[in-house]
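Here is the structure we will look at, set down as structure tokens.
The values are calculated or read from the model by the stated rules, or taken from the named source; none is laboratory data. Note that the structure is predicted; figures quoted are calculated from it, not measured. Backbone-built Cβ (ideal geometry, glycine too); neighbour counts: all protein chains shown.
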Amino acid sequence: MTESASRRAPTGLIYADRDRATPVYRMFSPLGLKQTLIINMQGEVVHAWDLPYEPGNYGYLLPSGNMLSAVRTPDGPKKLPAKGGLMQEWDWDGNLLWEFQDDHQHHDFRRCKNGNTLYLRWELLSKENEKRVLGGREGSEHEAGIWGDVIREIEPDGTVVWEWRADECEEMYNFPLNPMCPRHEWCHANCITQLDNGDIVINFRYNHLMAIIDYKTKKFRWTLCDYAYGQQHSVHMLENGNILFFANGANVLGSGPEGGSRVIELDPETKQPVWQYAGSPRFSFFSWYISNAHRLDSGNTSILEGVKGKIFEVNPEGETLWEFVSPHFVTEPHPMYTGGNAIFRHYYYNPDSIEIAGRLPADPW
């Protein structure tokens, strides 16, 4: 055992209230490794996919039980975070069914109900539009310029059928970059989800902006920009119409005024929180980047504190009912993750869900 390993906090299943914790399977991709895993309530790996390269953040299950994921390709923009490049669909047994390569793909990707795939990509801004980008650290542009966010929808054969470009959205220019953020990206979109009507919920970390894009007009129909959340990840809409997200409580340098992270359920009409989880003391719960949360069918919330590789469940009162810390550390040299067990995002699946459909035991314990 190495010295650093001997100093690690306990990993695996840390705590479980078997009577009150929600019996589900959880899925995640350890950053820096080449696998996506499903664990049971004991924290044991019950299924895994081996990937050709390390994940471009994560994979998740489609209703068919297949996994949609993205892995990092060596080509495309350099020195930009959360790059993918190759989106792939794998069946339960690890057979490759579909793939599409776009070396500019980053962060997020979603299979649409119509069978198309929606994903984020980078494109360089024109020199004219670069001048319109406000904020950020002066002189911190990428060597190639400023990369802007694009949402692209493709058919299975790769044909582009819909596209939204940040530099063509006039409202985007009303939201400057955080003055501490680099100007190499505008504005670092890190998640997209599509609503039943086709509109798209999107989050931009570098300017603290979450928004809903009207699919037909390509204009914002709702926005919220609030520096008090310290940037955020995993912004998505719940079945009750509220928005759930992970408020990192930090800037890109890993520090912030709030002293900790929060998980927040927000009423989009009032733009006010209706529920939140925070650490006690505040600094005890903190992940300055990555991370996410899901509302479980039981009404409890499953939370990922991504930097620590920690997944836990809380009830509405904030009481921890289940806690797991990933034992999957990166031991080989890596430019970002050596010695760490970070996770970008996690998902949960009920044992009787259409995604699992009898592929795993009915009792996740």
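For segment 65-108, a tally of residues being outside any strand (DSSP E or B) and small (Gly, Ala, Ser) returns 5. Against the numbered list (1) of a type in the set (A, V, I, L, M, F, W, C); (2) at pLDDT below 95; (3) surrounded by 15 or more Cβ atoms within 10 Å (Cβ to Cβ), Phe283 comes up short only at (3).
A single member of Val325, Val274 is within 21 Å of the chain's Cα centre (by Cα) and at pLDDT 95 or above, and it is Val325. Scanning segment 170-187 for residues that are without any contact (Cβ under 8 Å) to a residue 60 or more places away in the chain and surrounded by 16 or more Cβ atoms within 10 Å (Cβ to Cβ), we see that the one that is nearest to the chain's Cα centre (by Cα) is Cys187. When Asp91 is tested against the conditions (1) within 27 Å of Pro182 (Cα to Cα); (2) surrounded by fewer than 18 Cβ atoms within 10 Å (Cβ to Cβ), the lone failure is (1). Scanning segment 198-255 for residues that are hydrophobic (A, V, I, L, M, F, W, C) and in a loop (DSSP other than H, G, I, E, B), we see that the one that is surrounded by the fewest Cβ atoms within 10 Å (Cβ to Cβ) is Leu253.
Which of the residues spanning segment 74-108 are small (Gly, Ala, Ser) and more than 17 Å from the chain's Cα centre (by Cα)? Residues satisfying the conditions are Gly76, Gly94.
Of all residues in segment 109-132, those satisfying the criterion of being in a loop (DSSP other than H, G, I, E, B), under 25 Å from the mean Cα position of the chain (by Cα) and surrounded by 13 or more Cβ atoms within 10 Å (Cβ to Cβ) are Cys112, Asn116, Leu125.
Restricting attention to segment 133-157, the residues that are of a type outside the set (A, V, I, L, M) and either at positive phi or crowded, with 16+ Cβ neighbours inside 10 Å (or both) total 11.
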